[in-house]
Each structure stands twice: as C-alpha cells, then as structure tokens.
Amino acid sequence: MPLLAAVERGAAWVAACLLALTGLFLTWEVVARYFFNAPTIWAAELSQLCLIWACPLAMAWVLSSRRHIRVTALTAQAPRRLRVLLEIFALLVILVFALVVVVQGYGIFQDSLMRGRTSGTMLDPPAWIPEAAIPAGFALLALSCLANIVRALRGDIPEDGEVME
C-alpha cells in the first residue's frame, strides 16, 4: 500500500499543478485579450483540459486522506464496530460506481481513439485526451477504495473528522 499512497500523492501533485496552470492560462488570456487586443485560440481550451484531468487525478488522494465531504451526524454516535461496517459499505458503493465508470469511460475513450475524433474547436485536439481522464482517474479511485477497505477490515479507521496523512 505504500506504493499506492505514493501514486495517490503524485497524482494529487499533478492535479495541483494542472490547477495552477489553469490559473496561468486564464490570466494570460485576460491579459492578451484586454491589454493587447489579441485573444488566444489555446488558453481556454487548455484550461479546460487541465481541469478535466485535475479533478479525476485528485479523487483517490482525497478519499484516502479523508478530505472529501462527509456527513457524520449519525455515524459519529455509532459504536466503533458499526462505524467500521458503515465505512466498508460506503467504500463498496464508491468502488462499484468507480468500476462502472471505468468500464463505460474506457469504452468512450477507445471509441474516440479508434475513430480519430477531435474536439472540433480551433485548437482541435484529439477527443481521447480529455476522455482518458475519466477511466484513469476512476481506476485509481477504485484501487484506493480497495486499499481503504483492507484498512477498514483491519479496524484501522480514523475517528470522524480526523484527516489521514
């Protein structure tokens, strides 16, 4: 699991860099458009690509470090054994959803790759580039779910509100 944790952390750092790039690209677009009267054809589209990749890449780290939104009003009152069972149940639901998205997303990605689809915009990148983010990110999320299920089966779940490092 240390390897998976390192991959999750690395993907989260890539996601953070992509979000920073989004800010830079959009800032440049504003400067180019309003100060130089020369809008770009690439800034908005590359910003979208960065956002499309950043969110799925960060999901596994968010889950493992417990930084996602959780409603714990009832589970916080439950005995520890029940909290462990509820944690495993929630992770199983996320795992099933992630696997369905991986299968469906991979089909869409593969179809675009085989047909040579493009975005149809001025920059016109291949459509598979943003579509690959979905199966890649959700596959990593599925692996993270499995690792967290193993952790929960060992009884290693933090108290509600506690963030894992």
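Quick notes on this structure:
- Filtering Phe109, Phe138, Phe89 for residues that are crowded, with 19+ Cβ neighbours inside 10 Å and over 16 Å from the mean Cα position of the chain (by Cα) leaves a single hit, Phe109.
- Condition check for Ser119: surrounded by fewer than 17 Cβ atoms within 10 Å (Cβ to Cβ) and over 25 Å from Glu8 (Cα atoms): yes
- Checklist (1) under 30 Å from Met1 (Cβ atoms); (2) outside any loop (DSSP other than H, G, I, E, B); (3) in contact (Cβ under 8 Å) with a residue 40 or more places away in the chain applied to Thr72, failing item: (2)
- The set of residues in the range 47-78 being among the β-branched types (Val, Ile, Thr) and closer than 17 Å to Leu146 by Cα consists of Val62 alone.
- First in the range 123-135 and more than 13 Å from Ser112 (Cα to Cα), second anywhere and surrounded by fewer than 14 Cβ atoms within 10 Å (Cβ to Cβ), Cβ under 6 Å, 6 or more apart: Leu123/Ile41
- Arg117 vs. criteria modelled with pLDDT of 90 or more and of a type in the set (D, E, K, R): yes
- Residue in the range 96-106 that is farthest from Leu146 (Cα to Cα), counting only those that are loosely packed, with under 14 Cβ neighbours inside 10 Å and of a type outside the set (S, T, N, Q): Val103
- Residue that is nearest to the chain's Cα centre (by Cα) [pool: residues in the range 1-18 that are within 24 Å of Asp124 (Cα to Cα) and crowded, with 18+ Cβ neighbours inside 10 Å]: Ala15
- Subset of the range 31-54 (residues that are of a type in the set (Ser, Thr, Tyr) and closer than 15 Å to Thr121 by Cα): Thr40, Ser47
- Of the residues contained in the range 113-136, one or more are found to be assigned to a helix (DSSP H, G or I) and either among the basic types (Lys, Arg) or in contact with a His (Cβ under 9 Å, 6 or more places away or on another chain) (or both).
- Residues of the range 52-74 that turn out to be of a type outside the set (Gly, Ala, Ser) and within 10 Å of Ala15 (Cβ to Cβ), as a count: 7
- The residues in the range 75-98 that are touching a residue at least 60 places away in the same chain (Cβ under 8 Å) and either in contact with a Leu (Cβ under 6 Å, 6 or more places away or on another chain) or closer than 27 Å to Ala133 by Cβ (or both) can be counted, and the count is 2.
- Qualifying positions in the range 35-69 - out of contact with any Pro (no Cβ under 8 Å at 6 or more places or on another chain) and either loosely packed, with under 15 Cβ neighbours inside 10 Å or not in a helix (DSSP H, G or I) (or both): Phe35, Phe36, Asn37, Ala38, Pro39, Thr40, Ile41, Trp42, Ser65, Arg67, His68, Ile69
- Unmet requirement for Ala142, which otherwise passes all of (1) closer than 28 Å to Leu74 by Cα; (2) modelled with pLDDT under 95: (2)
The values are calculated or read from the model by the stated rules, or taken from the named source; none is laboratory data. This one's a predicted model, so the numbers in the text were calculated from it and none came from an experiment. When we count neighbours, we look across all protein chains shown, and the Cβ atoms used for this are built from the backbone with ideal geometry, even at glycine.
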